[in-house]
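Visitor: Input: one structure, supplied below.
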Amino acid sequence: MRLDVVSIFPEYLAPLDLSLIGKARREGVLDLHVHDLRGFAHDRHHTVDDTPFGGGAGMVMKPEPWAEALDHVLDAGATEGAPVPHLLVPGPGGVPFSQAMAHALAEEPWLAFACGRYEGIDERVYEHAAERMPVTVVSLGDYVLGGGEVAVLAVVEAVARLLPGVVGNAESLVEESHEGGLLEYPVYTRPALWDDDGTPREVPAVLRSGDHAAVARWRQEQRVARTVARRPDLAAASAAVGGLEDLQVR
Ligand code: SAM
């Protein structure tokens, strides 16, 4: 998968050299290109923002550097199999990012990201880009970040770990939170009895019983109980499609 990220803070994307994503890049699963938007602003100060029409606080990102940067991405990455990327523009007013969206994006050969800053990007850039490639404004959640880079880190990590070979054991992707509508059950490792502060804390006996059916039953009960407690919105959706049938919720 090819990834292009345009930002005024290219260094913000440095964590994409680490861990599973870094390994995926070194192994050629991910082909990441980070572009500095200021390189497409040609005045002496490489200006990328200006005051908003209509007044108000803050600055707005100018259209000209964005158009040039996105044209550069289009030219640099176009191949027969992927003539244009799917452009994702992070923004608090976008479609909420989800595991389902991560799965859909993992099927695409080429993603590009336009990281806004200040009060955002001149609206005409979205129209201009949409004439050239599919564009989706994507939100990380109902809060306001200072820029799109953190959203890109989150989206790239969520998508990349779904690509074949990125996560060592593909089975670990199956029972996770947000796969199948429920949150994941609690997990434990050694020691079976842990006492750090005078309170002995034991791993649930069922997990040490060797009874696979009982473990599966316990885990499913925990998934349901946790989802009902923490995310009643998900639990309601899951119940509606039958995911909570025949289960005891404590
Ligand atoms: N004035 C904008 C608004 O109210 O919609 C917010 C601009 S925000 C300060 C600057 C940039 O941060 C946005 O252009 C976007 O790239 C990014 N951003 C902020 N919140 C975000 C969120 N919840 N999800 C994704 N990106 C976000």
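Visitor: Might you check whether a residue that is part of a strand (DSSP E or B), near the ligand (Cβ under 7 Å from one of its atoms), modelled with pLDDT of 95 or more and under 15 Å from the mean Cα position of the chain (by Cα) occurs anywhere in the range 123-139?
Guide: Yes, the range 123-139 contains a residue that is part of a strand (DSSP E or B), near the ligand (Cβ under 7 Å from one of its atoms), modelled with pLDDT of 95 or more and under 15 Å from the mean Cα position of the chain (by Cα).
Visitor: Another question about this same structure. From the list 51, 47, exactly one residue is closer than 30 Å to residue 127 by Cβ and away from the ligand (no atom under 16 Å from the Cβ). Which is it?
Guide: Answer to the selection: 47.
Visitor: Taking residue 76 as the residue in question, decide whether it is closer than 30 Å to residue 177 by Cα, at pLDDT 95 or above, of a type outside the set (Lys, Arg) and surrounded by fewer than 15 Cβ atoms within 10 Å (Cβ to Cβ).
Guide: no
Visitor: What about residue 172, is it under 30 Å from residue 16 (Cβ atoms) and without any contact (Cβ under 8 Å) to a residue 60 or more places away in the chain?
Guide: In short, yes.
Visitor: I need the full set of residues from the range 181-220 which are over 30 Å from residue 241 (Cβ atoms), in a loop (DSSP other than H, G, I, E, B) and among the aliphatic types (A, V, I, L, M), in order please.
Guide: 192, 203
Visitor: Considering the range 145-204 alone, what residues qualify as being within 16 Å of the ligand (Cβ to nearest atom) and of a type in the set (A, V, I, L, M, F, W, C)?
Guide: The answer is 145, 150, 151, 152, 153, 154, 155, 156, 158, 159.
Visitor: Six or more apart or on different chains, Cβ atoms under 6 Å: show the pairs whose first residue is in the range 10-22 and farther than 17 Å from residue 36 by Cβ and whose second is of a type in the set (Gly, Ala, Ser) and in a helix (DSSP H, G or I).
Guide: Pairs found: 21/160.
Visitor: Is one or more of the residues making up the range 147-161 exposed (fewer than 12 other Cβ atoms within 10 Å of the Cβ) and in the same structural domain as residue 84 (by TED's automatic domain parsing)?
Guide: For the range 147-161, residues exposed (fewer than 12 other Cβ atoms within 10 Å of the Cβ) and in the same structural domain as residue 84 (by TED's automatic domain parsing): absent.
Visitor: Conditions: (1) within 30 Å of residue 90 (Cβ to Cβ); (2) at pLDDT below 95. Residue 244 meets all but one. Number of the miss?
Guide: (1)
Visitor: Across the range 87-115, which residue is farthest from residue 178 (Cα to Cα) among those that are touching a strand residue (DSSP E or B) at 6+ places or on another chain (Cβ under 6 Å), within 14 Å of the ligand (Cβ to nearest atom) and part of a loop (DSSP other than H, G, I, E, B)?
Guide: 115
Visitor: While we're on this one: Test each condition in (1) of a type outside the set (S, T, N, Q); (2) within 16 Å of the ligand (Cβ to nearest atom); (3) modelled with pLDDT under 95 for residue 119 and report the one that comes out false.
Guide: Failing condition for residue 119: (3).
The values are calculated or read from the model by the stated rules, or taken from the named source; none is laboratory data. The shown structure was predicted, so the numbers you read here are calculated from the model rather than taken from an experiment. Cβ: placed from backbone, ideal geometry, glycine included. Neighbour counts: every protein chain shown.
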